[in-house]
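The values are calculated or read from the model by the stated rules, or taken from the named source; none is laboratory data. Quick caveat: nothing in here was measured; it's all calculated off a predicted structure. For neighbour counting, all protein chains shown are included, and Cβ atoms are generated from backbone atoms with ideal geometry for every residue, glycine included. All accessible areas refer to the heavy atoms of the entire protein, side chains included, with ligands and DNA or RNA removed. Shrake-Rupley method; radii C 1.70, N 1.55, O 1.52, S 1.80 Å.
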Amino acid sequence: MTQRRPIVAANWKMHKTHLESIQAVQKLGYLLDREDTERVEVVIAPPFTALRSVQTLLESDKLPFGLGAQNVHPEEHGAFTGEIAPGMLEALKVRYVIVGHSERRQLFGEDDQFVNKKVRAVFAHGMLPIVCVGETLEERDADGTTSKVTQQVRRAFDRVDAEHATTAVIAYEPIWAIGTGRNAEPGDAGRVVEVIREALSTAYDATVAEAVRIQYGGSVKPGNIRGFMAHPEIDGALVGGASLDPEDLALIVKH
């Protein structure tokens, strides 16, 4: 079985000024030791306004965290007011880009085809996508989780070669659990992660499916992370609200 290094990514969403972001990263650096960050890859995805400040801090203090962006536009440049091109993120040494988050899909109308364009743009600029997939409560209750998640994976990786796909991260985030305080049971989440691996195996092969790291996301907290990480198919977490507190985020990394 492939040994996959767990990855914990902090999605700060629309929270924290650049100064607050600096303070939070500094505190997290104090709370985590070398053993923690060697065992678990830690990614910080602040708002766009804090990316440059966090990048400078990570470099100057030699902090072992990856820099993440919460979104990207697939086009190289153009008249897209308010959007950020992949080359702009590459220039800031962004390592990971969150793509296809349910909030982008639901609130801003991003469909699977647009998500796929973003995935390919991220790869084209030497960065790695964290591809979010997940079902609504209605789809879950109608036993539609497998078909929904399989479709999202297949479409997100359309025209992506195996070499790139192997390096991607997928985050299973049941929409009904994001920001609600509810979370899937580790066993249920693990079964959906197995569905994701099966979709990758069908699209590529078992080698790719085994190599891709798959996170769980959806009301992850220090109190429940251990249960998720105990499942052999879950490789970390995409953390929203709990990641805003450096102490909580450190506990999640340490789990």
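Brief remarks follow.
- Between the entries [x] 51; [y] 47; [z] 72, the label attached to percent of Cα pairs over 23 Å apart calculated for this structure is [y].
- Net charge of neighbours whose Cβ lies under 14 Å from the Cβ of VAL115, counting Lys and Arg as +1 and Asp and Glu as -1: +3
- Which of VAL99, PHE48, MET127, positive extreme of dipole for the chain (C-beta unit charges): PHE48
- For the cross-link pairs LYS16/LYS62; LYS117/LYS254; LYS93/LYS254; LYS62/LYS148, the ones whose C-alpha atoms lie over 32 Å apart are LYS117/LYS254; LYS62/LYS148.
- If the chain linking THR81 and GLU194 were pulled fully straight, counting 0.36 nm for each residue of separation and taking away their Cα-Cα distance, it would gain 36.7 nm.
- Ordering SER60, ILE175, GLY218 by the projection of their Cα atoms onto the charge dipole of the chain, which places +1 on the Cβ of Lys and Arg and -1 on the Cβ of Asp and Glu, puts SER60 at the extreme positive end.
- Using the 1.4 Å probe convention, the accessible area of the chain works out to 46 Å² per residue with neighbouring protein chains retained.
- Computed magnitude of the charge dipole of the chain (debye, nearest 20; Cβ of K, R +1, Cβ of D, E -1): 400 debye
- Top of PRO232, PRO222, PRO86 by mean-square fluctuation, Gaussian network on the chain, Cα under 10 Å: PRO232
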